[in-house]
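Novice: Quick one: the structure is below, and I'll ask about it shortly.
Computed from the coordinates by the stated procedures, all read-outs in this text should not be read as laboratory data. None of these values were measured; they are calculated from a predicted model. Glycine also receives a Cβ, built like all others from the backbone with ideal geometry; neighbour counts cover every protein chain displayed.
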Amino acid sequence: MASSSAQYFLHLSSNVSVHAGGKERYLARYRLFLGAFIIGLILSGLTAFPLRAELSVFAKFLGISDPAGYAMLHGLSRWVAFVSFGLQQTYARFPFFGYATDWLGYAHLVIALFFFLPLIDPRRYRGVLHVGIIACVGVFIIAFACGPVRQIPIFWRLIDCSFGLLGIIPLLICLRLTSRME
């Protein structure tokens, strides 16, 4: 009888350890996906600071030697040259407009900080994931509501939407993994 009781408790404890091992695997995957999301936010934020320089490099990569000649170009090259020219002109005359992208970059960094909470305690801070998912959906709304008003070409709005799509995927995975960890 004592032997069967011991086997029963060993069986229960082995199931607990397997279950705990499953939770650890889920937690590791969760942190991998959420970590990738956080890194994406940080990189996106950091790229907002040197916007004019980055756009200039991208224009040169596309073979654009003089962004002022944007009217002679087509498609993506025309858009990149047009934006690069606009930034050059604006920053030369009104450098304070660059401050807007500084705040954009800063906002990305601050938003990334909020995702450290669910990284540490997924169940307690699950609501942060919900807010992130809503924000990713909001990318589509802003792109298609404000894009036409600001004369943003459809292909660029779709590029913007890809950030919402690429952001929502790891957040949904994390939300699902949070449920599995409970």
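Novice: Tally Lys/Arg at +1 and Asp/Glu at -1 over every other residue whose Cβ is under 15 Å from the Cβ of Pro95; what's the total?
Specialist: So the environment of Pro95 carries a net charge of +1.
Novice: Pick the calculated Rg and Dmax of the Cα atoms in Å for this structure from (i) 17.0, 65; (ii) 23.8, 91; (iii) 18.1, 64?
Specialist: (ii)
Novice: Please check: in the Gaussian network model of the chain (C-alpha springs, under 10 Å), which one of Ser162, Ser77, Ser65 has the largest mean-square fluctuation.
Specialist: Ranking Ser162, Ser77, Ser65 by mean-square fluctuation puts Ser65 first.
Novice: Then there's this: On a full-extension model of 0.36 nm per residue, what is the gain between Leu32 and Phe114, subtracting their alpha-carbon distance, rounded to one decimal in nm?
Specialist: Fully extending the segment from Leu32 to Phe114 adds 27.9 nm.
Novice: Under 19 Å from the 7 Å Cα→Cβ point of Met181, by amide nitrogen: which residues of the range 74-114?
Specialist: 112-114
Novice: Once label points are set 7 Å from the Cα along Cα→Cβ at both Ile134 and Gln88, what is their separation, rounded to one decimal in nm?
Specialist: 4.3 nm
Novice: Let me ask another. Quick one: among Leu73, Leu117, Leu104, which has the greatest mean-square fluctuation in a GNM of the chain with alpha-carbon springs under 10 angstrom?
Specialist: With Cα springs under 10 Å in the chain, the top fluctuation among Leu73, Leu117, Leu104 is at Leu73.
Novice: Okay, moving on. Going by how many other beta carbons lie within 10 Å of each one, how would you line up Asp121, Asp160, fewest first?
Specialist: Asp121, Asp160
Novice: If the chain between Ile154 and Arg124 were fully stretched, how many nm would it gain, using 0.36 nm times the residue separation less the Cα-Cα distance?
Specialist: Length difference between fully extended and current span is 6.9 nm.
Novice: Can I ask one more? If you stretched the chain out fully between Leu166 and Lys23, how much longer would it get, using 0.36 nm times the residue separation minus the C-alpha to C-alpha distance?
Specialist: Result: 48.9 nm gained on full extension.
Novice: Ok, one more. Using helices alone, what [θ] at 222 nm do you get for the chain, with -39,500 (n - 2.57) per DSSP H run of 4 or more residues, divided over all residues and rounded to the nearest 500?
Specialist: One gets -28000 deg cm²/dmol as the mean residue ellipticity at 222 nm.
Novice: Let me ask another. Which one of His130, His108, His74 has the biggest mean-square fluctuation once the chain is modelled by GNM with Cα springs under 10 Å?
Specialist: For the chain, modelled as a Gaussian network with Cα springs under 10 Å, the answer is His74.
Novice: Go ahead and collect, in residue order, the members of the range 140-179 whose backbone nitrogen is under 12 Å from a label point 7 Å along the Cα-Cβ direction of Phe97.
Specialist: none
Novice: Where in the chain lies the longest segment free of trypsin sites (Lys or Arg not before Pro) that are both loop residues by DSSP (not H, G, I, E, B) and have at most 14 other Cβ atoms within 10 Å?
Specialist: 1-122
Novice: If one takes the longest principal axis of the Cα atoms in the chain, at what angle in degrees, from 0 to 90 and to the nearest 10, does the Cα axis of helix 51-61 lie?
Specialist: 80 degrees
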